[in-house]
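Read the structure below first, then the notes.
Taken together, the values in this text are just the output of simple stated rules run on the coordinates, not laboratory data. Note that the structure is predicted; figures quoted are calculated from it, not measured. Counting neighbours? That spans all protein chains shown, and the Cβs are built from the backbone with ideal geometry, glycine included.
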Amino acid sequence: MRSATAAPSRRSCAPRCATWRGACSCSATTTTWRTPSPRTSSTPSTAAAEDPTAGTHCQSLEHRDCFLYYLCAYTAPGRFLNSCYSSNLNINDVLGNYSLTLVDALDTLAIMGNSSEFQKAVKLVINTVSFDKDSTVQVFEATIRVLGSLLSAHRIITDSKQPFGDMTIKDYDNELLHMAHDLAVRLLPAFENTKTGIPYPRVNLKTGVPPDSNNETCTAGAGSLLVEFGILSRLLGDSTFEWVARRAVKALWNLRSNDTGLLGNVVNIQTGHWVGKQSGLGAGLDSFYEYLLKSYILFGEKEDLEMFNAAYKSIQNYLRRGREACNEGEGDPPLYVNVNMFSGQLMNTWIDSLQAFFPGLQVLIGDVEDAICLHAFYYAIWKRYGALPERYNWQLQAPDVFFYPLRPELVESTYLLYQATRNPFYLHVGMDILQSLEKHTKVKCGYATLHHVIDKSTEDRMESFFLSETCKYLYLLFDEENPVHKSGTRYMFTTEGHIISVDEHLRESPWKEFFSEEGGQDPVGKSGHRPRPHELKVINSSSNCNRVPDERRYSLPLKSVYMRQIDQMVGLI
């Protein structure tokens, strides 16, 4: 949970959306799906395994139906756009009053191969969505959920290869790109009149920054705009958007502790003073680290990788507890804790569910062994409750905050670990998660947030990221033949799960020298040291993509003694 004054991080501090109660009846519609091919893998011979691949074709189809079940309800007559019954609608600065769920789900339809529904949804967005509204929105949420989705869908439509099937739109004239530009222009006032260059957390889409705007924002909310703003700049040939986002990242980076290299979670945008001194991997900081790496992957700017490497080294030095190696040695399982950014001292004994994204990020940098351990910890919590509580106290072995808003982070890491290891254990995990969602969260008109992970009571809302991320990662986990995996195109997922192809066009930056001239202080070291090329790698003893050998593919990814240790750690046994 965020503090009362902090702006939202990746999913962290956002006010919660409302969905609806009441009956839903969806008439049958004709849609065109790409049918996933069943796997033909051999049966595992050891403990992880009864053959989990046998049912994954059905699981993929089932999850596609789950997605369509909700989207059908969402767009049914009388339930148009953000509401079902207006008396039950709680519009807030996450929803934005601009058809958030519809926009956020566009590329999920394409990935599932449903060309007819994708085309219908795109036309609906073009014809009905406008940002010319007297609505105050969160800059971060509008960027990752709406701007990112518009850019992703635009690139899918204009991709000459059309890997997902024919997703072209007749007479399409770059409308989604124009809408993305319009939204981004309306967000730009957030970057004005701040002494640090760190943006205000909220803007009004018509009037700009509200007069009573808060001067405090969280690090992830202000520092996780570079991917979407950078893509927009490079598609338009206009440096403005990337420049303001990159300036914010550098401003935050230069405020890190001289002693530990860590950043806090809440900062004053006028003074640069750290209001929240907690440094961790969850709420308030998560996507800041994620976007340092993903900005490098997408744009190829070395300073982004340099900052990420330095940040990762500080994380390993001060946040990581437990034995040095994940799958060998003695001691407690590795765990990343919340510490004081200046001293590195433990601040509390809880972690939040957002941190479950970190194993997926570790997969991207090749630190697969460490990812296996951290993922096993979060999966053990899921096994105990059938969901992830928003905040879990690892010392008390009990939740501190009990709700579960259908978050995707554990599913995301499960998907990426399966892609990295091909271990069927992660298919078991995916099926477990899917079955829990069906059992505990499916309701008459969609899927509901769990208000309490123990008694399984529900809330009348469903976050848009359930369709843009949770559904998408589950579907891709079970659909091995998906074009994402087989088309030959390299893809990257944004922090909201929107898919972006990694290509040379996005690595072309005619204003690169301008950025380096305006950047001011060296972004990596306050001493001015810039790593030499051979140093541009993650500094961690277990970083090695090839460390998981083929013979371990059909056994537990974590030795049984360590798996039991983690189960004991969360009170499962």
Exercise for review: Count the net charge of all other residues whose Cβ sits under 10 Å from the Cβ of residue 155, scoring Lys and Arg as +1 and Asp and Glu as -1.
Suggested key: -3
Practice item. Could you list, in their original order, any pairs among 294/559; 277/559; 383/442; 195/277 whose Cα atoms are separated by more than 28 Å? Key: 294/559; 277/559
Exercise for review: List every residue whose amide H lies under 5 Å from the amide H of residue 442, counting only residues 5 or more places away in sequence or on a different chain, with H placed 1.01 Å from N in the peptide plane.
Suggested key: 448
Study note, to complete from the structure: Plugging the Cβ-Cβ distance of residue 317 and residue 432 into 1/(1 + (r/R0)^6) at R0 = 35 Å yields, to the nearest 0.05, a FRET efficiency of 0.55
Point to revise | Cβ-based net charge around residue 391, under 10 Å, with every Lys or Arg adding one and every Asp or Glu removing one | key: -3
Study note, to complete from the structure: Honestly region 347-404 on the Cα gyration tensor test (a ≥ b ≥ c root eigenvalues; a/c under 1.5 rounded, otherwise a/b vs b/c for prolate or oblate) is just prolate
Point to revise | residue 442/residue 507 FRET efficiency (R0 51 Å; Cβ-Cβ; nearest 0.05) | key: 0.75
**Study point:** Inter-label distance for residue 325 and residue 133, nm, one decimal - labels placed 7 Å from Cα along Cα-to-Cβ
**Key:** 5.5
Exercise for review: Just order 558-567, 271-280 by mean Cβ neighbour count inside 10 Å, highest at the front, would you?
Suggested key: 271-280, 558-567
